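The values are calculated or read from the model by the stated rules, or taken from the named source; none is laboratory data. Given the structure is predicted, the values throughout are model-derived calculations rather than measurements. Virtual Cβ from ideal backbone geometry, glycine too; neighbours counted across all protein chains shown. Please note that ligands, DNA and RNA were not included when accessible areas were found on the heavy atoms of the full protein model with its side chains. Shrake-Rupley method; radii C 1.70, N 1.55, O 1.52, S 1.80 Å.
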Amino acid sequence: MDKIIDILDSIAYEKGLKIEDVENALKEALIKTAEKMVDETLRFDANVNREKKKLELFQKIEVVASGDEKLTGEVEDEYGNEINAENFIELEEAKEIDADLEIGDFLDYDLEFENMGRNAATILHSNFEYKIQRFIEENLLGKYKDKIGKVVSGVVTRIDRQENTFIEIGEVKGMLQRKSRIKGETFKVGDTVKAVVRGVNIDKTNGLLIDISRTSPKFLECLLTLEVPELKDEKIIIESSARIPGSRAKIALTSMDPQIDAIGSVVGVKGVRISSVSFQLSGENIDCVEYSTIPEMFISRALSPAIISSVKIEKAPGFNERGKAVVTIPSDQKSKAIGKSGLNIRLASMLTKYDIELVEIEGSTPTPTSGNNDSSNVEKTTDTASLEALFK
């Protein structure tokens, strides 16, 4: 124990912890060990005495009034546990030891840890190691919570039976779930993977685990920010984004400088910037849209490359609710507005937060159906909220 201070300082330095945290970990571990080796119903306290370079352990005895029922040991605490009478001493007896003591004060009796035997040392080491690990995890938890929404990269170390990909990111593990992987992507041990941090949690099996994603729209935004200086300098703002990972995406842009073309800057000369990001997303097509505070105009632009006749807002979006817009469109533009497999209209809905209903203008040729032909001229988006939730 004569080198305890040097040992604590060394642990704090090596683990990147505050010395106060390391001292508290040792004190808590020592108290737990005393409870295990002596009596868990007794009260203990510990102190790291830096002046004497000594670890001190005490049994604490509370001073109570004469005749207090706690002295009988026949009462229970607030949790229903029987109170140990050895934790208390009556006032008159306590004053024989120290005349200044009053009711509610504590007497501290020194205990020698060295006299508890080898088992005590083993238990202390185990408790102390556990406490230190918790402090390390809490520090890392705070560090990586600040990285939520930012891109990290690491090396694949393992792929489990559920096809979850485990990645070493600095001093912690990241997990890329199968659903957070772009369709068609496969990884093997040793591959370097880039993804966005979606959350941080402590797993009972794996300890601190970083939840990462390659399907989140935020990943697209981060990659664009890394590629486009104007985004990093906030001369251009990404107002919103939407993705069907690996297939297609839309981003809404606003230029904060009248001299800067938002779409041109993000696309880059001959499309070099947007192509670089698309390559990192398994060839995902990325449409750039100029944002507008006028919802009718924004929805019209979001449905590009289709040419829209008119947009009527039937319901504005509310708290956790989507708005609704009826879009009138020439029949020859309808397929462009819907897009292959309905991607264009769904992405436009996700980007603008409006459910979109397409209606062909009069004079278009309706698709033959049995019954009312009007229904064939209407295309609605009603499932984009759940689709969007898959790729948060």
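Side notes on the structure shown:
- Taking the criterion of being in contact with a helix residue (DSSP H, G or I) (Cβ under 7 Å, 6 or more places away or on another chain), under 21 Å from R118 (Cα atoms) and not hydrophobic (A, V, I, L, M, F, W, C), the only residue of the stretch 34-44 that qualifies is K36.
- Taken together, K52, K32 contain a single residue that is of a type in the set (K, R), modelled with pLDDT of 80 or more and surrounded by fewer than 16 Cβ atoms within 10 Å (Cβ to Cβ), which is K52.
- The single condition from (1) free of Cβ contacts under 8 Å to residues at least 40 places away in the same chain; (2) buried (at least 18 other Cβ atoms within 10 Å of the Cβ); (3) not aliphatic (A, V, I, L, M) that Q177 fails is (2).
- Meets criteria (in a helix (DSSP H, G or I) and in contact with a Pro (Cβ under 7 Å, 6 or more places away or on another chain)) for K270: no
- V151 fulfils the conditions (1) more than 14 Å from the chain's Cα centre (by Cα); (2) open to solvent by 20 Å² or more (accessible area, probe 1.4 Å); (3) among the hydrophobic types (A, V, I, L, M, F, W, C); (4) within 24 Å of L226 (Cβ to Cβ) except for a single criterion, (1).
- When residues of the stretch 41-75 are limited to those that are among the acidic types (D, E) and in contact (Cβ under 8 Å) with a residue 12 or more places away in the chain, the one farthest from N24 (Cα to Cα): D68
- Criterion applied to I286, I313, I308, I345 was being surrounded by fewer than 16 Cβ atoms within 10 Å (Cβ to Cβ), hydrophobic (A, V, I, L, M, F, W, C) and either within 17 Å of L223 (Cα to Cα) or without any contact (Cβ under 8 Å) to a residue 60 or more places away in the chain (or both), and the one residue passing it is I313.
- Residue count for the stretch 80-134, restricted to those that are open to solvent by 40 Å² or more (accessible area, probe 1.4 Å) and assigned to a helix (DSSP H, G or I): 21
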